[in-house]
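See below for the structure under consideration.
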Amino acid sequence: MSLTSVLRLILCVLLAQYASALWPIPRSLSTGTSPLKLSPRFAVRLEISTPPADLLSAVSRTRARLQSDRFERLVLGRASADAKTVHAAPVLASLTVSLTAGSPIRTVAEETTQDIDARSESYVLIVTDHPPTATLSANLTLGLLRGLTTFEQLWYSNSQGTKYLLSAPLFVEDAPAFPYRGFSLDTSRNFYPVADILRTLDAMSWVKLSVLYWHVIDSQSFPLEVEAFPELSAKGAYSAAEVYTRNDIQHIIQHANERGIDVVMELDSPGHTTAISAAHPEHIACPAKSPWSKYANEPPAGQLRIASPSTLAFARTLFSSVAAALPGTMMSSGGDEVNLPCWTEDQQTMSDLARRNITISDALNEFVQTIQGVIKEYGKTPFIKSDMVLTHNAPVVNDTVVVVWQTSQDAASVADRGLRLIHQPSNYFYLDCGAGEWLGNDILGNSWCDPFKTWQRAYSFDPYANLTADQHDLVLGGQMPLWSEQSSPENLDPIVWPRLAAGAEVFWTGARLPDGSPRLGQNTTSSTHALARLNELRYRLVDRGVNAIALQPKWCVLRPGECDLDS
Amino acid sequence: MKLFALRVVVLLAAAYSPVEALWPQPQNIQTGSETLRLAPGFQITVVGHGVPGDLIAAVGRTKQYLFQDRLERLVVGRGAVDAPTFSKAKVLSRLTLSLAKGASFASITSEAQKAPEDRDEAYHLVVPADGSGATITANSTLGLFRGLTTFSQLWYAHDNTVYTISAPVTIQDAPAYPYRGLMLDTARNYYPVADIKRTLDAMSWVKINQFHWHIVDSQSFPLQVPGFTDLAEKGAYSSSQVYTQSDVRDIVSYAGARGIDVMVEIDTPGHTAIIAEAHPDFVACPQATPWATYANEPPAGQLRFANATVTNYVANLFSAVAKLFPSTLFSTGGDELNTNCYDIDTPTQAALNATGRTLEQALDVFTQETHRALEAKGKTPVVWEEMVLVHNVTLSKETKVLVWISSDNVKAVAQKGYKLIHAASDYFYLDCGAGGWVGNFPSGNSWCDPFKTWQHSYSFDPVANLTAEESKLVLGGQHLLWAEQSGPQNVDPIVWPRAASSAELFWSGPGGNLSTALPRLHDVAYRFRQRGVNAISLQPEWCALRPGACDLTA
């Protein structure tokens, strides 16, 4: 081996280690191997004439984290391994932040709630060591937020709290492959206090997720305070303390939007609505009817009486009242797992159908059209679950976004209908799978969506699988959901993190890694590549108070490459 | 409705009545349906002279739980549905603890640290409905402590009323098995002392009496051993990830005061690669690659047990560790010995040649000498099953055997006449089902898939396929948390309430009913949360409030 090839090899190894920190990996990244440290008086200089308040807050948070983060590089000896190098490193005094000339200056929250197709999150981050400079620029404030997030991930701490990196100079030109990069949380099966949701939003923003898809209500409880029907949560929540008040909702949405996260609220209907019967029994067919397995996919049974004009009017008002308070441009009516026997054995539904001389299918179509109409009235794009389209052939509006959930195979069927979609397939992305049966008296029961979806499994997802090139534009992105039959605040962090980051990188980087290699190519998930970065993210999350699970013994984490299957 | 049908309904309701919230289920229990309130100045007194400090402390904790649990009964409407009965309810102002005639006070700690077969955990609890004093009697302070634990589970709170709706209560209770454990691996990832203490508290709430501390392994050596401090200095993940001698004393006494004995495990001769950091000469095939040839997981590395110096060293190490742990039990491990590691190890081959021993003969010498050092300290060795089933080593008949590879191996261990502890991976491993953790293996699944549900553990039969004589060899069993994919971040939700299922299995005996267990287990999880332990949700709260409504066939 020649000297140059030895040197090149060393450089490659160094590159692999030092620049391994970023998650999601930027679309374009070049790094050097020189050290740089932050001045104790490090400043962020905003070269924006009238910076919006939420951008200023974002800058403050970045500066605060650059102070408080204590994460040491994952290497034998931790920060002490770098002590000599850091001692002599050039000092970076500031990061200059600017918008491209002529760009509109809007708040991060405004940019975050733009139409999903109209968002721009791109940014350019340049860090040099001779002389030490750092500049971040973007077309929009949302891009600046993403760039600040990347900037924060560049730095390691030593035991004195000095922040340094080993990969200068550094050039990042970045933009997401997909605008929709989400996390879906079910707050109905079990309730999550606001603080848990806010902490989750913080962590989401650190991996550049852009949407919280909030499955807020379901058959088990109705924790959403609705202005038009306060009795729904008063009687349908688990307790008075387990309600998201209208203030809570605004607080959560604002917290999210300022962190570049839009909130898509789902009012799942017409199934998954039994909790409404606590306040309005007249609107629910087959409430808690037994045996539940005949009338629902899980207990308790109960669905809206879609054939009843008064129930339809109720649903209209419900959606209007909720939609009116949501600043975003997307809203979901759910629509999964409707059950026919629930209606056919409901005397009132059958007499409504007979009186109106329509079929149950007509009634379902009418319901979907009505609700989508309300969502459109409020200027929002309607989302719907894939079985409503694929199983029930519901006549959805053209700009509907379909949530593909049953299996990844369904994406192509949805695309064949020319509908836009987000990926949420249970066979890749369900965070709750693999924890065993939760129904009682089922000794051998396993999770219906076994096995557990590892981060590698989620990471292996191809957003364009089975789609033709001209269908690619129909894919807005995807999300990993947490269904909460077996989850609650007690395990929220460890069941979500760091696995959710796998989905975040899939939809930031797209079907292939930035270097063009397939996501599950040679060594991709080895601990010298993606796993090294993910281990680092996990330790950063823990450092910031999020209880992300250990992916490996710490012995392995400190020795990239030594705990691979083939090492 | 006919009277007969009415009675059936009442009986069914009674099956889900709140006194069923006790966990583990007592051996004998009679309850009524009167509401009884705790007096605001409720007192617990211990009758007799020489009451030990740890019993007094346990009384203090019990009083705190009684008034600070604030657990509302798990029923639709929660505690409010019981409120109408409060005004007419009698008030209980005193619980009196006393030892049976002839018994004398010793600390809970010393009773708990006896050999499993010598522990006396039986108690008799009476709570009259008329407000006259409640009593717990037992032969030992350990029994009194178990009675206190049961007593604290009887009560719910609503507003400022602490009450039961099941008075009078009479319980005669004692465990089916003397060893009811939980194993924690603190080597793959480290757990701060506070997390271990919180876990010990939770263990005591379900009457687990054995903490099996798999404290070191190939990945790290977090135990500070007097005379052997270089092991932790060089082998811990960091200087802050060490259990100092005072940490160990603290944990052992914290456990003892809660009726828990601490059995330490120094796994040998495998699972010891980390010793090479301090003593490279003692370890064969350290970090040899490919690791899969030389170990079950990375890093490879095992003690050179054929070498007399190493044997001596380990015997002395065992003696030093034994002094830190008052338990009669000491686990020397012995699992997953890899022979390839020794085949390529020149010093081992040289030592074998010099002594004319086979590897198995050398292992026998090593085992006998290291165990002898423990026995000299009054310890009973505990080993993983391979030491009995795979290797031909001489063990004292007192040796206890942990059956882990498969529950199918229980019979073979029993046939060899050893007392055994159930720790089968196919029933009790808490870490299974989370996917593979080695890198570059995207399709890797957990080796012990699937996830072990509480129902699965609960259904375990400790004497399956055993004769009556062999059944007597079963000391009990335990859940285990191996920590490749766990750490302080998830210890509560991955352990609780699942580990409670074996706690009941080995206290109450097998054959429990899943349908009636589930509402009680919900109660455990909800009470744990009130006490600051992040027990996972087993079901939607809708189901937790409606026993039976979410059964498979409901």
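The values are calculated or read from the model by the stated rules, or taken from the named source; none is laboratory data. Owing to the predicted nature of the structure, the values given are computational and were not obtained by experimental measurement. Cβ coordinates were reconstructed from backbone atoms using ideal geometry, including for glycine residues, and neighbour counts include every protein chain displayed. Calculation scope for accessible area: heavy atoms of the full protein, side chains included, ligands and nucleic acids excluded. Shrake-Rupley method; radii C 1.70, N 1.55, O 1.52, S 1.80 Å.
Search the stretch B:69-88 for residues being part of a helix (DSSP H, G or I) and free of Cβ contacts under 8 Å to residues at least 40 places away in the same chain, and hand back the single one that is most open to solvent (accessible area, probe 1.4 Å). Among those that are part of a helix (DSSP H, G or I) and free of Cβ contacts under 8 Å to residues at least 40 places away in the same chain, it is B:84.
Residue count for the stretch A:530-557, restricted to those that are within 8 Å of chain B (Cβ to nearest Cβ) and out of contact with any Pro (no Cβ under 6 Å at 6 or more places or on another chain): 9.
For (1) touching a residue at least 60 places away in the same chain (Cβ under 8 Å); (2) open to solvent by less than 30 Å² (accessible area, probe 1.4 Å); (3) closer than 17 Å to residue A:174 by Cα, each residue gets a yes or a no:
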position	(1), (2), (3)
A:104	no, no, no
A:123	no, yes, yes
A:152	yes, yes, yes
A:155	yes, yes, no
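Just so you know, in the stretch B:331-373 the residues that are assigned to a helix (DSSP H, G or I) and charged (D, E, K, R) include one that is nearest to the chain's Cα centre (by Cα), and it is B:372.
A search for C-beta distances below 9 Å between a residue of the stretch B:163-178 that is open to solvent by less than 30 Å² (accessible area, probe 1.4 Å) and any residue that is charged (D, E, K, R) and in a strand (DSSP E or B), counting only pairs 6+ apart in sequence or on different chains, returns B:163/B:37; B:164/B:34; B:164/B:37; B:166/B:34; B:167/B:34; B:167/B:90. Evaluation of residue B:123 against the conditions (1) under 13 Å from residue B:259 (Cβ atoms); (2) among the aromatic types (Phe, Trp, Tyr); (3) out of contact with any strand residue (DSSP E or B) (no Cβ under 6 Å at 6 or more places or on another chain) shows that the sole unmet condition is (3).
Filtering the stretch B:16-68 to residues that are among the β-branched types (Val, Ile, Thr), over 30 Å from residue B:458 (Cβ atoms) and either in a loop (DSSP other than H, G, I, E, B) or within 27 Å of the chain's Cα centre (by Cα) (or both) leaves B:47, B:51, B:56, B:59.
Which of the following residues is open to solvent by less than 40 Å² (accessible area, probe 1.4 Å), small (Gly, Ala, Ser) and either outside any helix (DSSP H, G or I) or in contact (Cβ under 8 Å) with a residue 24 or more places away in the chain (or both): A:408, A:361? Unique residue meeting the criteria: A:408. Filtering the stretch A:476-527 down to residues that are surrounded by 19 or more Cβ atoms within 10 Å (Cβ to Cβ) and among the charged types (D, E, K, R), which residue is farthest from the other protein chains (Cβ to nearest Cβ)? Among residues in the stretch A:476-527 that are surrounded by 19 or more Cβ atoms within 10 Å (Cβ to Cβ) and among the charged types (D, E, K, R), the one farthest from the other protein chains (Cβ to nearest Cβ) is A:505. Quick one: in the stretch B:43-58, which of the residues that are in contact with a Leu (Cβ under 7 Å, 6 or more places away or on another chain) and open to solvent by less than 40 Å² (accessible area, probe 1.4 Å) is farthest from residue B:144 (Cα to Cα)? Per the criteria, the residue is B:44. For residues that are closer than 21 Å to residue A:210 by Cβ and either touching a His at 6+ places or on another chain (Cβ under 8 Å) or open to solvent by 10 Å² or more (accessible area, probe 1.4 Å) (or both), tally how many sit in the stretch A:326-342. Residues flagged as closer than 21 Å to residue A:210 by Cβ and either touching a His at 6+ places or on another chain (Cβ under 8 Å) or open to solvent by 10 Å² or more (accessible area, probe 1.4 Å) (or both) within the stretch A:326-342 amount to 4. Scanning the stretch B:374-415 for residues that are part of a helix (DSSP H, G or I) and open to solvent by 20 Å² or more (accessible area, probe 1.4 Å) turns up B:375, B:376, B:389, B:407, B:408, B:409, B:411, B:412, B:415.
Across the stretch A:264-276, a minimum of one residue is classified as assigned to a helix (DSSP H, G or I), of a type outside the set (S, T, N, Q) and buried (at least 23 other Cβ atoms within 10 Å of the Cβ).
State whether one or more residues within the stretch B:506-515 are open to solvent by less than 10 Å² (accessible area, probe 1.4 Å), free of Cβ contacts under 8 Å to residues at least 40 places away in the same chain and within 7 Å of another protein chain (Cβ to nearest Cβ). Within the stretch B:506-515, not a single residue is open to solvent by less than 10 Å² (accessible area, probe 1.4 Å), free of Cβ contacts under 8 Å to residues at least 40 places away in the same chain and within 7 Å of another protein chain (Cβ to nearest Cβ).
Taken together, the residues in the stretch A:423-475 that are farther than 23 Å from residue B:522 by Cβ, within 14 Å of chain B (Cβ to nearest Cβ) and over 21 Å from the mean Cα position of the chain (by Cα) amount to 2. Restricting the first member to the stretch B:303-327 and to residues that are over 30 Å from residue B:256 (Cα atoms) and among the acidic types (Asp, Glu), and the second to residues that are at pLDDT 95 or above and not in a loop (DSSP other than H, G, I, E, B), no beta-carbon pair is closer than 7 Å while six or more apart or on different chains. Does residue B:553 satisfy being within 10 Å of chain A (Cβ to nearest Cβ), assigned to a helix (DSSP H, G or I) and surrounded by fewer than 18 Cβ atoms within 10 Å (Cβ to Cβ)? So residue B:553 does not fit the description; no. Residues in the stretch A:214-230 that are open to solvent by less than 50 Å² (accessible area, probe 1.4 Å) and either on the phi > 0 side of the Ramachandran plot or more than 26 Å from the chain's Cα centre (by Cα) (or both): A:228, A:229.
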